[in-house]
Amino acid sequence: MNQRFAIILLFLSFVGLAQTTSELQDSQNFFSEEDLLLNIKTLSSDTFEGRRTGSEGSKKAKVYIINQLKALDILPLSKNYEQPFLFTHHEKQYKGTNILGFVRGTAHPENYMVISAHYDHEGIKNGQIYNGADDDASGISALISFAQYFIYNPPKHSVIIAAFDAEELGLEGSKYFVNNTIVPANSIMVNLNMDMISRSETNTLFAVGTRYNKNLKEVVSNFKKTGNVNLLPGHDGEDSLEDWTFSSDHASFHKQGIPFLYFGVDDHEDYHTPNDDFENIHPEFYKEAVKIIISTFNLIDTLTF
Ligand SMILES: [Zn+2]
């Protein structure tokens with residue numbers, strides 16, 4: 001082998017090595033997009049029968065989510081990750097179960113950020129399964145992606161990964177969680193809630209709640225867009241848009257005076273219909289939305305409240 005050829009070979013192998021390393025770093029920086037889509041697809045499949053609180057489908061969803069958290073080494077915040085609760089809705093007694101995981105903060109372990117989504121949906125009505133792909137298998141699958149992300153990017157503040165039950169029956173799971181908190185009530189500094197984040201005709205993800213907190217307002221308004229998806233503040237009563245302050249589990253935190261950001265999309269034609277299926281989500285939008293939410297989380301994680 002002549003010397004010049006050897007140098008070229010050496011150079012090429014370096015380039016190859018550098019490429020592999022940066023690809024690896026990229027994938028470690030975020031999460032597996034494949035798993036994000038697989039988890040939403042699985043949770044919104046007919047097997048889970050629309051995940052109505054107290055149903056067999058809901059139990060299956062609970063086991064599925066807990067197994068995912070276990071596999072990603074997320075610690076349980078409560079016994080077996082479960083926080084059971086009872087409530088009455090339309091004079092019927094229900095038993096719900098929140099699922100709670102825990103990641104210890106590297107710099108401020110005594111302060112908590114709660115990242116949440118709800119795993120219940122409408123179940124089966126008139127023989128039709130309401131699979132709730134966008135509402136809210138999308139948020140739950142994103143929660144699992146957060147857990148993946150934390151493997152290589154541990155948070156500075158402690159994080160509670162909360163998959164709430166009985167949102168559709170009146171935000172019952174989140175209400176129970178904040179009123180029976182397992183950590184000191186004043187140690188929860190913020191709630192980031194995800195409910196319906198997987199489709200948008202206008203490539204717009206809304207961040208609701210900036211009206212109530214100037215730090216969060218700054219984070220959202222200074223957010224640097226990298227892909228095609230817009231992150232817009234609003235829907236919190238200050239603009240002409242519908243007020244979503246009390247529309248999902250973040251409301252339970254807001255009522256306790258805890259700052260929140262709620263991520264969601266505009267209502268769509270399949271909202272609360274049997275057509276809210278995996279086939280109707282927008283995968284590219286969804287992947288980008290989850291990246292934006294994780295980036296926003298990182299900015300908030302650097303703040304002190
Ligand atoms: Zn929902």
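Tally the DSSP beta bridges in the chain and give the antiparallel ones as a percent, rounded to 5.
On the way: 21 of 42 bridges.
The answer is about 50 percent antiparallel.
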>> For a quick size check, give me the Cα extents of region 114-180 along its three principal axes, largest first, whole Å.
In response: 47, 27, 11
>> Can you give me the solvent accessible area of Lys225 with a 1.4 Å probe, rounded to the nearest 10 Å²?
In response: 110 Å²
> Dividing the convex hull volume of the alpha carbon atoms of region 99-219 by its residue count, what do you get in Å³ per residue?
Replying inline: 139 Å³
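Would you kindly state how much longer the chain becomes between His268 and Glu82 on full extension, computed as 0.36 nm times their sequence separation minus their alpha carbon distance, in nm to one decimal? Provide the component values of the computation, followed by the final result.
Working: separation 186, 0.36 × 186 = 66.96 nm, distance 3.22 nm.
That pair, His268 and Glu82, stretches by 63.7 nm at full extension.
Is the shape of region 193-281 best called rounded, prolate or oblate, per the rule: a/c under 1.5 gives rounded, else a/b larger than b/c gives prolate, else oblate, with a ≥ b ≥ c the square roots of the Cα gyration tensor eigenvalues? The partial results should precede the final answer.
Details: a/c = 2.12, a/b = 1.34, b/c = 1.59.
Judged from the Cα gyration tensor, region 193-281 comes out oblate (a/c at least 1.5, b/c at or above a/b).
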> Under a straight-distance cross-link criterion of Cα-Cα below 14 Å, which aspartates and glutamates are reachable from Lys41, leaving out those fewer than 8 residues away in the same chain?
Replying inline: Glu33, Glu49, Asp134, Asp135, Asp136, Asp276, Asp277, Glu279
> Between Leu38 and Glu284, what length in nm is gained on full extension when 0.36 nm per residue of separation is reduced by their alpha carbon distance?
Replying inline: 87.2 nm
> Points 7 angstrom from Cα along the Cβ direction at Thr202 and Tyr152: gap in nanometres?
Replying inline: 3.5 nm
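What does the accessible area per residue of region 134-180 come to in Å², with a 1.4 Å probe and no ligands, DNA or RNA counted?
Numbers: 1020 Å² over 47 residues.
Here the per-residue accessible area is 22 Å².
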> How many Å² of accessible area per residue for region 248-305, probe 1.4 Å?
Replying inline: 39 Å²
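Taking a threshold of 23 Å on the Cα-Cα distance, which of the pairs Lys156/Lys217; Lys224/Lys287; Lys59/Lys125; Lys70/Lys217; Lys92/Lys125 fall above it? Show your work: numbers first, answer last.
Numbers: Lys156/Lys217 21 Å; Lys224/Lys287 17 Å; Lys59/Lys125 18 Å; Lys70/Lys217 34 Å; Lys92/Lys125 17 Å.
Check vs 23 Å cut-off fails for Lys70/Lys217.
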> Applying 1/(1 + (r/R0)^6) with R0 = 30 Å to the Cβ-Cβ distance of Thr106 and Ser221, what FRET efficiency is obtained, to the nearest 0.05?
Replying inline: 0.60
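If the only charges are +1 at each Lys and Arg Cβ and -1 at each Asp and Glu Cβ, what is the size of the charge dipole of the chain around the Cα centre, to the nearest 20 debye? Mind showing how you got there, number by number?
On the way: 24 positive and 40 negative charges, 266 e Å.
Magnitude of the dipole: close to 1280 debye.
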> Each label point is 7 Å from the Cα along the Cα-to-Cβ direction; what then is the distance between the points at Lys255 and Ala71, in nm?
Replying inline: 3.6 nm
> For region 160-305, which whole percent of the accessible surface, found with a 1.4 angstrom probe, sits on carbon and sulfur atoms?
Replying inline: 46 percent
> Hey, what did region 23-143 get for relative contact order, percent, Cα under 8 Å, at least 6 apart?
Replying inline: 32 percent
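For the chain, what does -39500 (n - 2.57) per DSSP helix run (n ≥ 4), summed and divided by total residues, give at 222 nm, in deg cm²/dmol to the nearest 500? Could you put the intermediate results ahead of the total?
On the way: 8 runs with 110 residues, N = 305.
Result for the chain: -11500 deg cm²/dmol, rounded to the nearest 500.
How compact is the chain by the rule of thumb for globular proteins, expressed as Cα Rg over 2.2 N^0.38 Å? Could the numbers behind the result be given before it?
On the way: Rg = 20.5 Å, N = 305, 2.2 N^0.38 = 19.3 Å.
Its radius of gyration relative to the 2.2 N^0.38 Å reference: 1.06.
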>> Connecting C-alpha atoms closer than 10 Å in a GNM of the chain, tell me which of Ile182, Ile140, Ile294 has the biggest fluctuation.
In response: Ile182
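Across the chain, where is the longest run that never hits GluC sites (Glu not before Pro) in a DSSP loop with at most 14 other C-beta atoms within 10 Å? Write out the running numbers ahead of the final one.
Numbers: sites that count: Glu91, Glu201, Glu238, Glu242, Glu269.
Longest stretch, sites excluded: 92-200.
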> Excluding same-chain residues fewer than 8 positions from Lys79, which aspartates and glutamates have a Cα within less than 19 Å of its Cα?
Replying inline: Asp165
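The values are calculated or read from the model by the stated rules, or taken from the named source; none is laboratory data. Keep in mind that what you see is a predicted model, and the values were worked out from it rather than measured. When we count neighbours, we look across all protein chains shown, and the Cβ atoms used for this are built from the backbone with ideal geometry, even at glycine. Note: areas computed on protein heavy atoms with side chains; ligands, DNA, RNA excluded. Shrake-Rupley method; radii C 1.70, N 1.55, O 1.52, S 1.80 Å.
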